[in-house]
Amino acid sequence: MDKIFITGATGYLGQNLSSIFKRKFYIYRGFNKQKIIKSNEIKCNLRNLDKIKNFLKLNNIKFLIHCAGITDIELCEKNKKKCKAVNYFLTKKLVDICRYLKIKFIYISSDHLFDGKRPFKNEKEKTKPLNEYAKSKILSEEYIKKKLKNYLIIRTNFFGTSKSDIKKNFAQRIINDLKKNKRIYIFDDVYFSPISIIKLSRIICKLIWSKAKGTYNVSSDERISKHLYALKIANKFNLDQKLIIKSSIKDKSNSKLVLRPLDMSLNNKKVKDYLNIKSIKLNDCLDIFKHDYLKYKNK
């Protein structure tokens, strides 16, 4: 059984990848803050990458999936130095280690890489970052492509159940607020093509298993506004849709928000063709999310 090392393994995506991948791979976990409790875990300290390098070599790791990073766009803009250190320089050093040890590098990128003026960007689209977060992801992608031949870059936007009761993602916040009968204001002029985190994890697993290389957009087929997305979640969970109020990112009240693309939708034809997938329907992804959410809440 091949061995995979996942950075940020206790985070939102890392938890789900670990759960899906354990059926086909032996998982080693890397993280920054949580206490080490198992022999296959290691602290990912930016100042001590020699320890990580020795760990990877000693355990004969074949694949490294890099999930660790700062995803808070506002925080990245406020602390540009920290954003670049974590999102780019850490990636850069891990790439160098993987190149030296001949480990395949799998990088979780973003759908924020463009100016948002056109829908359904494909993998060949020229990037045009609007904020520090996007810049850090693009720098990482460019360095990976320059230094490695055996790599996977996954551009995506995902939703699902976070196992942490502290940090909630967008979909969970919608559910939690509606359950408390709170009115929520959601942009109807910002578009994306989100995918279930479980569906995403399964596709990444298939890409690795099939020895795919290069850049892949992994998203649902639909381009949808954040507002309509919230309505679909409310409908799926039988919550009050009237509490979801249309909002515009162009309103004066949002003028202090960090600049971001209005259309982040991705063209997923390449990954569907490669894996012979007929469709990745958003409704199917929402069904998967609902099942996982209720399963977790009922534990």
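Near Val190, the amide H atoms lying under 5 Å from its own belong to Lys226, His227; only residues 5 or more places off or on other chains count, and H is placed 1.01 Å from N.
Rounded to the nearest 20 debye, the dipole magnitude of the range 90-215 is 480 debye, with +1 charges on Lys and Arg beta carbons, -1 on Asp and Glu beta carbons, and the Cα centre as origin.
In this structure, the amide hydrogen of Ile280, modeled 1.01 Å from its nitrogen in the peptide plane, lies closer than 5 angstrom to those of Asp221, counting only residues at least 5 positions away or on a different chain. Between Lys24 and His291, the FRET efficiency from the beta-carbon distance, with R0 = 22 Å, is close to 0.55. Shown is the FRET efficiency for Lys206 and Asn283, computed with R0 = 22 Å from the Cβ-Cβ distance and rounded to the nearest 0.05: 0.55.
Panel values: the range 172-298, Kirkwood radius from alpha carbon pairs, Stokes-Einstein at 25 °C and 0.890 mPa s, translational diffusion coefficient 151 µm²/s.
Rounded to two decimals, the Cα-based Rg/Rh of the range 88-162, with Kirkwood Rh, is 1.00. The three principal axes of the Cα atoms in the chain give end-to-end lengths of 56, 43, 39 Å, sorted in falling order. Once the 1.4 Å probe is applied to the protein heavy atoms, the chain comes out at 52 Å² accessible per residue.
Summarising the strand pairing of the chain, around 5 percent of its internal DSSP beta bridges are antiparallel. Its residue count N fixes a reference of 2.2 N^0.38 Å for the range 132-208, and the Cα radius of gyration divided by that reference is 1.45. Between Glu123 and Ser248, the FRET efficiency estimated from the beta carbon spacing at R0 = 25 angstrom works out to 0.25.
When the alpha carbon gyration tensor of the range 208-268 is reduced to an equivalent ellipsoid, its three semi-axes come out at 30, 20, 8 angstrom, largest first. Highest GNM mean-square fluctuation among Glu77, Glu132, Glu141, for the chain modelled with Cα contacts below 10 Å: Glu77. Take every Cα pair under 8 Å whose residues are at least 6 apart in sequence, average their separation, divide by the length of the chain, and the relative contact order is 19 percent. Charging the Cβ of each Asp and Glu at -1 and of each Lys and Arg at +1, and nothing else, the dipole of the chain about its Cα centre rounds to 800 debye. The Kirkwood radius of the range 197-238, taken over pairs of alpha-carbon atoms, gives through the Stokes-Einstein law at 25 °C and 0.890 mPa s a diffusion coefficient of 196 µm² s⁻¹. Taken about its Cα centre, the range 69-141 carries a charge dipole of about 300 debye when Lys and Arg each add +1 at the Cβ and Asp and Glu each add -1 at the Cβ.
Can you give the log10 of the normalised intensity I(q)/I(0) at q = 0.19, 0.21, 0.25 Å⁻¹, computed with Debye over equal Cα scatterers of the range 172-225? Cα-only, vacuum Debye calculation for the range 172-225: -0.82, -0.89, -1.02. Inter-label distance, Lys236 to Arg99: 4.0 nm, where each label sits 7 Å from its Cα along the C-beta direction. Taking the charge dipole of the chain about its Cα centre, with +1 at Lys and Arg Cβ atoms and -1 at Asp and Glu Cβ atoms, the residue from Tyr100, Ser110, Ile6 reaching farthest to the positive side is Tyr100. With helices as the sole contributors, the chain gives -11500 deg cm²/dmol at 222 nm; each DSSP H run of n ≥ 4 counts as -39500 (n - 2.57), and the sum is divided by every residue.
As a fraction of the 1.4 Å probe accessible area of the range 177-247, surface on carbon and sulfur atoms comes out at 46 percent.
The values are calculated or read from the model by the stated rules, or taken from the named source; none is laboratory data. Because the structure is a prediction, the values reported are computed rather than measured. In this analysis, Cβ positions are derived from the backbone assuming ideal geometry, glycine residues included, and neighbour counts consider all displayed protein chains. Ligands, DNA and RNA are excluded from the accessible area calculation, which covers all protein heavy atoms including side chains. Shrake-Rupley method; radii C 1.70, N 1.55, O 1.52, S 1.80 Å.
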